[in-house]
Each structure stands twice: as C-alpha cells, then as structure tokens.
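Here is the structure we will look at.
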Amino acid sequence: MLMRTDPFRELDRLTQQLLGTSGTWSRPSPMPMDAYREGDEYVIALDLPGVSPDAIDIDVERNMLTVKAERRPAVKKDGVQMELSERPLGVFSRQLMLADTLDTEHIKADYDAGVLTLRIPIAERAKPRKIAISAGGTPRQIGG
C-alpha cells in the first residue's frame with residue numbers, strides 16, 4: 001500500500017469535488033503546448049502522457065484547430081480499490097485559431113512518448129516569391 005503524508009489531501013479532494021475539477025464529468029482541461037516555426041511549417045507539441053492514441057481527436061473547421069483527448073482510468077477491474085489518484089483523468093481540450101496563411105489541408109499528426117506533434121505547412125500563396133518585371137515599350141523622353 002502507498003502512503004502519502006499530506007495534511008491537505010482531504011481538503012484538496014473536497015475542493016475538487018465542490019468545484020467540479022476532478023473526474024470525467026468536469027469541463028475539459030487545457031493541455032500544455034509548445035509552438036514554433038521550423039522552415040516552411042509550424043510545429044505544435046501537446047503533452048498528453050498516458051493517453052491512448054485512439055482517445056485523441058483532431059478536427060479542423062475553417063481556421064479553428066481543436067484537439068480533444070481523454071485519459072481514462074488505468075485500473076478498471078472489479079475488486080480493486082484505488083488508494084491514491086493524483087493523475088488527472090477526463091477530457092482535455094485545446095483550440096487554436098490558425099492563420100489564413102497556413103495549409104490546413106496538409107496537417108500531419110504524430111504521437112510518440114506522450115507528446116502529440118502537429119506539423120502545419122505554410123500555404124504556397126503565403127510563401128515569399130519573386131515578381132518578374134517586364135520591360136515592354138520604348139523609352140520616352142520627358143519634357144523638352
């Protein structure tokens with residue numbers, strides 16, 4: 001049996017129950033995230049330790065990217081009594097407004113070691129490009 005010496009444990013548990021911040025019935029919690037640009041794409045890394053890949057849902061509607069994940073209890077057997085539960089369970093959610101300059105049709109997602117990595121390419125129309133100058137016509141003399 002695990003023992004934890006925390007005089008405020010019962011107070012924390014009561015606060016979570018009263019505020020509705022524990023269990024699967026609570027509102028979605030945010031997930032920690034890093035975002036950076038790497039070459040011609042943006043990379044978003046979301047921490048989802050202990051979440052099964054089939055419990056992750058990624059949607060893009062217009063320019064809104066939504067990531068939802070659910071961490072379910074690891075112990076589901078009858079006759080098992082939970083002695084300590086500190087890892088958050090339930091639904092986690094994150095919404096990001098994407099710029100029009102990103103190509104939402106070609107987002108790639110990878111999940112490894114509890115980190116969901118999204119790679120969002122920059123749209124071709126938003127990349128810098130050279131404009132050709134045409135020299136058509138004969139020089140004209142101005143004035144006199």
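The values are calculated or read from the model by the stated rules, or taken from the named source; none is laboratory data. For clarity, every value in this text was computed on a predicted model and none was experimentally measured. Glycine gets a Cβ as well: all are built from the backbone with ideal geometry, and neighbour counts include every protein chain shown.
Structural remarks
- Any hit, segment 122-143, residues being modelled with pLDDT of 80 or more and closer than 23 Å to ASP54 by Cβ: no
- Where GLY50 falls short, out of the listed (1) small (Gly, Ala, Ser); (2) assigned to a loop (DSSP other than H, G, I, E, B); (3) closer than 18 Å to ALA126 by Cβ: (3)
- Residues that are closer than 30 Å to SER85 by Cβ and in contact with a Phe, Trp or Tyr (Cβ under 9 Å, 6 or more places away or on another chain) within segment 26-45 comprise PRO28, SER29, PRO30, MET31, ILE44, ALA45, listed in sequence order.
- Pair list, Cβ < 9 Å and 6+ apart or interchain, from segment 79-100 residues that are more than 24 Å from LEU116 (Cβ to Cβ) to residues that are among the β-branched types (Val, Ile, Thr): MET82/VAL75
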